[in-house]
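Heads up, the thing below is written out as structure tokens.
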């Protein structure tokens, strides 16, 4: 029986014969040329579907195993970290770069976090949401680590989860500027990794308590 080909960034589909891949497109922001290339590949290899995912990615579905290498070569884009114990996604809204409602630059911070932490190995899967205003379009309250922009600065929340056991994140700190929020994110991720327990950060914080976690981070 065929299995996922994680060495090729490919996940076996329901038919147990074909695969899906996800090119890494930070924040879902790309050029027309990127979209054209994806469409051309889909047509060339007669793929079953192009799926826009909830993590601001584009999944190519219905790929024959023997075509995987050539498809990645044609795309010229590295695979996304769609599975595994790591930072799987950094989802961010249009922020002040594009949205009239935004109060902080979510694109700038989201791109920076993607650059530093994308696919970073951790004890369990880890998702980040960066929302430029309290409307929270990047679903920051249900991410392992969420940033929310306010006029006075960034609010950081931790421990959210939108999976089978949904949970709202807990507030860690607020009123941070861009440099400060990057420092706090680094502390959270590094401290979580140090625990080295095979559980989501939200479950870990429930065990030790949010106040204890804050103290461990020096907040």
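The values are calculated or read from the model by the stated rules, or taken from the named source; none is laboratory data. Remember, predicted model here, so these are calculated numbers, not experimental data. We place every Cβ from the backbone using ideal geometry, glycine too, and count neighbours over all the protein chains shown.
Considering 143, 51, the condition of being at pLDDT 95 or above, under 26 Å from residue 4 (Cα atoms), crowded, with 21+ Cβ neighbours inside 10 Å and in contact with a strand residue (DSSP E or B) (Cβ under 7 Å, 6 or more places away or on another chain) is satisfied by 143 alone.
The set of residues in the stretch 81-110 being under 30 Å from residue 198 (Cβ atoms) and in contact (Cβ under 8 Å) with a residue 40 or more places away in the chain consists of 81, 82, 83, 84, 85, 86, 87, 90, 91, 92, 109, 110. The helices (runs of 4 or more DSSP H) found wholly in the stretch 173-219 and carrying at least 3 residues that are at pLDDT 95 or above, in the same structural domain as residue 112 (by TED's automatic domain parsing) and buried (at least 18 other Cβ atoms within 10 Å of the Cβ) occupy 178-195, 201-208.
Scanning the stretch 83-110 for residues that are surrounded by fewer than 21 Cβ atoms within 10 Å (Cβ to Cβ) and part of a loop (DSSP other than H, G, I, E, B) returns 83, 84, 85, 94, 99, 100, 101, 102, 103, 105. The lone criterion from (1) in contact (Cβ under 8 Å) with a residue 24 or more places away in the chain; (2) surrounded by fewer than 19 Cβ atoms within 10 Å (Cβ to Cβ) left unmet by residue 152 is number (1). Within the stretch 169-189, the set of residues being over 15 Å from residue 126 (Cα atoms) and free of Cβ contacts under 8 Å to residues at least 60 places away in the same chain comprises 170, 171, 172, 173, 174, 175, 176, 177, 179, 180, 183, 184. Would a scan of the stretch 131-138 turn up a residue that is closer than 27 Å to residue 9 by Cα and out of contact with any strand residue (DSSP E or B) (no Cβ under 6 Å at 6 or more places or on another chain)? The answer is no; no qualifying residue exists. Kindly evaluate residue 138 against the criterion of being closer than 20 Å to residue 197 by Cα, in a loop (DSSP other than H, G, I, E, B) and within 16 Å of the chain's Cα centre (by Cα). Considered against the rule, which asks whether it is closer than 20 Å to residue 197 by Cα, in a loop (DSSP other than H, G, I, E, B) and within 16 Å of the chain's Cα centre (by Cα), residue 138 comes out as no.
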